[in-house]
Each structure stands twice: as C-alpha cells, then as structure tokens.
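> After the structure tokens below, expect a handful of questions from me.
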Amino acid sequence: MRPEIDASAAAPVVSFDDEPLIVVDSDDNVLGHMPKAEAHIGEGVLHRAFSIFLFDGNGNTLLQRRADGKQLWGGYWSNSCCSHPRRGESVDMAAVRRLREELGVDARLSFLYRFEYHARFGEAGSEHEMCSVYAARSDAPVSVNPNEISACRPVAPDTLDAELAAHPERYTPWLKMEWPRIRAAHWDTVEALAAR
C-alpha cells in the first residue's frame, strides 16, 4: 500500500447528511430508515454500519486519519475504511462501494463478525451502530479521497497494539473495540489473507 493524497484534485463528495441509513434493532431486524445526520444526534439511533481493515502482503494494516470536518471523531486515527449501507443496499455492497470511494481500492472482503456498540462524542452526537467488521488484502496503490481522509499510513500489528496501549486517546472508539477482538479471535483469517 502506497498512500497518495492529492488535496488539489477535485475529489468526489461521497458522504451526505441526508443519505438514508438503515435503522435496526439489536437483532439486526430492519425498523426503517433515517437521514444520517439525524441518526447521530444525541445518543444516536441504532443503524447498520461496517468497518474494514485493509492488509498488505507484509501483514501491515492501513490506518486512516479521519478528515477534520467529520461530525464525529474528526482528526482521529481509525481503521482503513468505515461507513454505512444506505436504503436498498446490503452491507457487503456498501463496503465494496465505500472502499472504492475512500481509497480507490477493489478488494475481496472477508466477513469477520458483527457487534453492537454505542459511543458518545461530547455534545456533537453519538455512534450507535450494528457494525459488520471485514478484513481484506490489497497491495495496490491507494488513492485517498481527501474529503474523507486527511492522512493514512500502513502499520505493523505489533506497532498498533503498542500505540493503542500508549495513546488510546488518538483513536476512534470502534477501532479500540474491534482491533483487540480481531487479534484475539480472527487473526488466523488475517494471516490467511496476507499469505494469498
């Protein structure tokens, strides 16, 4: 992965406050739809989401620093790509779309697990998500969308372990929940990806 960010280029806008998110219950049953901005107000409303960890052939994972203008956790370091499926879109379809939109990458995704979490970001709002977590492998150059990402870097797993222990305040809450679980319960899948 060789990240390239060209802030001078006219990058497409791929996030919209009014995009219709999929509202669910704790069993992931669809209850309806809600504009993205509304779903994140206050304590938030439970909705479908996904997180992708992109690995290269050396076993490094790509971290992104979220664009400063993000409503929640702008400027924080996070996993390679994360977002939401929209009305009429499966989680798998949305994950493939968003990986292309944010990083310019096409990769085969391996589903790892799904979990519900809630995290409050002061007065700005909350994430309350039914989040599907994926891993993928790509050695292709990365073309970063600067509307979504302000920086990115490949990081060795042991380095990320150490950074999360030493400076947890630099990272998004979902990354801090997802990474330890991947390391403990899904590392065999990640190692198989790196060996392809």
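> Filter region 69-119 for residues that are part of a helix (DSSP H, G or I) and not aliphatic (A, V, I, L, M); which is nearest to TRP187 (Cα to Cα)?
Taking region 69-119 as the starting set, the residues that turn out to be part of a helix (DSSP H, G or I) are 91-103.
Within this subset, residues satisfying the condition of being not aliphatic (A, V, I, L, M) are 92, 97-98, 100-102.
Working: ASP92: 21, ARG97: 25, ARG98: 24, ARG100: 24, GLU101: 27, GLU102: 25 Å.
Taking the candidates together, the pick is ASP92.
> Turning to a different aspect of this structure: Keeping to region 115-153, report how many residues are closer than 17 Å to TYR171 by Cα, in contact with a Lys or Arg (Cβ under 7 Å, 6 or more places away or on another chain) and surrounded by fewer than 17 Cβ atoms within 10 Å (Cβ to Cβ).
1
> Are any residues in region 24-53 part of a strand (DSSP E or B), in contact with a helix residue (DSSP H, G or I) (Cβ under 7 Å, 6 or more places away or on another chain) and of a type outside the set (Gly, Ala, Ser), and if so, which ones? Please lay out each step first, then the result.
At the first step, the residues of region 24-53 found to be part of a strand (DSSP E or B) are 24, 30-35, 47-53.
Subset that is in contact with a helix residue (DSSP H, G or I) (Cβ under 7 Å, 6 or more places away or on another chain): 47-48, 50-53.
Correct list: HIS47, ARG48, PHE50, ILE52, PHE53.
> Within region 54-68, which residues are assigned to a strand (DSSP E or B) and within 24 Å of ASP92 (Cβ to Cβ)? Can you show your working first?
Let us first name the residues in region 54-68 that are assigned to a strand (DSSP E or B), namely 54-55, 61-66.
Result: LEU54, PHE55, THR61, LEU62, LEU63, GLN64, ARG66.
> List the residue pairs whose Cβ atoms are under 6 Å apart, where the first residue sits in region 5-28 and is at pLDDT 80 or above, the second is of a type outside the set (Val, Ile, Thr) and in a loop (DSSP other than H, G, I, E, B), and the two are 6 or more positions apart or on different chains.
PRO20/ARG87; LEU21/HIS84; ILE22/PRO85; VAL24/LEU46
> Those residues that are within 21 Å of SER15 (Cα to Cα) and acidic (Asp, Glu), I need them from region 124-150; list them, please.
Initially, region 124-150 is screened for residues within 21 Å of SER15 (Cα to Cα), giving 124-134, 142-150.
Answer for region 124-150, where residues must be within 21 Å of SER15 (Cα to Cα) and acidic (Asp, Glu): GLU127, GLU129, GLU148.
> Name the residue, out of GLY104, GLY88, GLY74, GLY125, that is touching a His at 6+ places or on another chain (Cβ under 6 Å) and of a type in the set (Gly, Ala, Ser). Steps first, please.
Values: GLY104 fails: touching a His at 6+ places or on another chain (Cβ under 6 Å); GLY88 fails: touching a His at 6+ places or on another chain (Cβ under 6 Å); GLY74 fails: touching a His at 6+ places or on another chain (Cβ under 6 Å).
Checking each option against the conditions leaves just GLY125.
> Moving to a separate point now. Starting from residues that are of a type in the set (Asp, Glu) and at pLDDT 95 or above, keep the ones in region 139-196 and report whichever is farthest from PHE121 (Cα to Cα). Walk me through it before giving the result.
In the first step, residues of region 139-196 are kept if they are of a type in the set (Asp, Glu); the result is 139, 148, 158, 161, 163, 169, 178, 188, 191.
Adding the requirement that they be at pLDDT 95 or above leaves 158, 161, 163, 169, 178, 188.
Numbers: ASP158: 28, ASP161: 23, GLU163: 21, GLU169: 12, GLU178: 18, ASP188: 33 Å.
Across region 139-196, the extreme among qualifying residues is ASP188.
> Okay, next question. Using the structure shown, decide if ALA136 is in a strand (DSSP E or B), of a type outside the set (Ser, Thr, Tyr), out of contact with any His (no Cβ under 7 Å at 6 or more places or on another chain) and within 30 Å of VAL30 (Cβ to Cβ). Talk me through it step by step, then tell me what you get.
Working: in a strand (DSSP E or B): yes; of a type outside the set (Ser, Thr, Tyr): yes; out of contact with any His (no Cβ under 7 Å at 6 or more places or on another chain): yes; within 30 Å of VAL30 (Cβ to Cβ): yes.
Yes; evaluated as a whole, the condition is true for this residue.
> Take VAL133 and decide whether it is touching a helix residue (DSSP H, G or I) at 6+ places or on another chain (Cβ under 7 Å) and more than 20 Å from ALA67 (Cβ to Cβ).
Answer is yes for this residue.
The values are calculated or read from the model by the stated rules, or taken from the named source; none is laboratory data. Predicted, not measured: the structure shown is a model, and the values here were computed from it. Note that each Cβ is placed from the backbone with ideal geometry, even for glycine, and that neighbours are counted across all protein chains shown.
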